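Would you mind keeping the following structure in view while I ask a few things?
The values are calculated or read from the model by the stated rules, or taken from the named source; none is laboratory data. Remember, predicted model here, so these are calculated numbers, not experimental data. Positions of Cβ are backbone-derived with ideal geometry, glycine not excepted, and every protein chain shown enters the neighbour counts. Calculation scope for accessible area: heavy atoms of the full protein, side chains included, ligands and nucleic acids excluded. Shrake-Rupley method; radii C 1.70, N 1.55, O 1.52, S 1.80 Å.
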Amino acid sequence: QVHLVESGGGLVQAGGSVRLSCGASGRTSMMYGMGWFRQAPGKEREFVAIINWSGAITNYADSVKGRFTISRDNAKNTMYLQMNSLKPEDTAVYYCAVDKYGLERTTLSDYDYWGQGTQVTVSS
């Protein structure tokens with residue numbers, strides 16, 4: 001089992017920045033691939049960004065490309081999401097997740113462990 005805890009969310013004005021963190025504990029050797037997903041009110045949870053074990057491979061949703069940066073520090077068992085130039089449509093609960101097969105997948109059902117989420121609200 002891998003236990004994930006997100007932090008860093010909050011209220012920010014449009015154009016601002018926020019950095020989310022995802023701390024992991026438990027069987028962290030299984031954390032081959034990690035990702036960020038988000039769910040806005042009334043919408044389905046969607047892919048935001050993924051990163052492979054080494055951090056050399058990343059992938060982003062078109063809606064955040066060029067504004068968000070995903071990274072990880074395996075020594076600290078922590079993943080990050082730097083969110084810049086935030087827009088009101090980025091308002092959502094952000095979740096981190098682990099894919100124990102590390103295949104850089106973007107489908108929710110491919111992820112094995114999930115955090116509880118952290119709210120990010122962007123005001124206009």
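ILE50: crowded, with 22+ Cβ neighbours inside 10 Å and out of contact with any Leu (no Cβ under 8 Å at 6 or more places or on another chain), yes or no? If you could, list the steps in order and put the result at the bottom.
On the way: crowded, with 22+ Cβ neighbours inside 10 Å: yes; out of contact with any Leu (no Cβ under 8 Å at 6 or more places or on another chain): yes.
Yes.
Just checking, does the range 64-83 include any residue being among the β-branched types (Val, Ile, Thr), touching a Leu at 6+ places or on another chain (Cβ under 8 Å), surrounded by fewer than 19 Cβ atoms within 10 Å (Cβ to Cβ) and more than 23 Å from TRP53 (Cβ to Cβ)? Step through it out loud before you land on a result.
Here is the first cut: in the range 64-83, the ones among the β-branched types (Val, Ile, Thr) are 64, 69-70, 78.
In the following step, the residues that additionally are touching a Leu at 6+ places or on another chain (Cβ under 8 Å) were identified as 69-70.
Filter again for surrounded by fewer than 19 Cβ atoms within 10 Å (Cβ to Cβ), leaving 69.
Those still in the list that are more than 23 Å from TRP53 (Cβ to Cβ) too: none.
Taking every residue of the range 64-83 in turn, none turns out to be among the β-branched types (Val, Ile, Thr), touching a Leu at 6+ places or on another chain (Cβ under 8 Å), surrounded by fewer than 19 Cβ atoms within 10 Å (Cβ to Cβ) and more than 23 Å from TRP53 (Cβ to Cβ).
One line per residue, one yes/no per condition, for (1) more than 18 Å from GLN116 (Cβ to Cβ); (2) among the aromatic types (Phe, Trp, Tyr); (3) open to solvent by less than 30 Å² (accessible area, probe 1.4 Å):
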position	(1), (2), (3)
GLN1	no, no, no
LEU4	no, no, yes
GLY16	yes, no, yes
TRP36	no, yes, yes
PRO88	yes, no, no
VAL93	no, no, no
LYS100	yes, no, no
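I've got another one for you. Here is a list of conditions, (1) closer than 16 Å to VAL64 by Cβ; (2) open to solvent by 60 Å² or more (accessible area, probe 1.4 Å), and VAL122 meets all of them except one; can you say which number that is?
So VAL122 meets the others, but not (2).
Can you name every residue in the range 18-51 that is at pLDDT 95 or above and polar (S, T, N, Q)?
Once the filter is applied, which keeps residues that are at pLDDT 95 or above and polar (S, T, N, Q), the range 18-51 yields SER21, GLN39.
How many residues are among the basic types (Lys, Arg) and modelled with pLDDT of 95 or more if we restrict to the range 77-112? Outline the logic, then answer.
Initially, the range 77-112 is screened for residues among the basic types (Lys, Arg), giving 87, 100, 105.
Then drop every residue that is not modelled with pLDDT of 95 or more, which leaves 87.
So the count comes out to 1.
Something else: Which of the strands (runs of 3 or more DSSP E) contained wholly in the range 17-124 include at least 3 residues that are among the hydrophobic types (A, V, I, L, M, F, W, C) and in contact (Cβ under 8 Å) with a residue 24 or more places away in the chain? Let's see the steps before the verdict.
On the way: elements: 18-26, 33-39, 46-51, 58-60, 68-73, 78-83, 92-99, 118-123.
Hits in the range 17-124: 18-26, 33-39, 46-51, 78-83, 92-99.
Quick one: how many residues across the range 49-64 are out of contact with any Asp or Glu (no Cβ under 9 Å at 6 or more places or on another chain) and within 18 Å of ASP90 (Cβ to Cβ)?
Residues that pass the stated criteria total 3.
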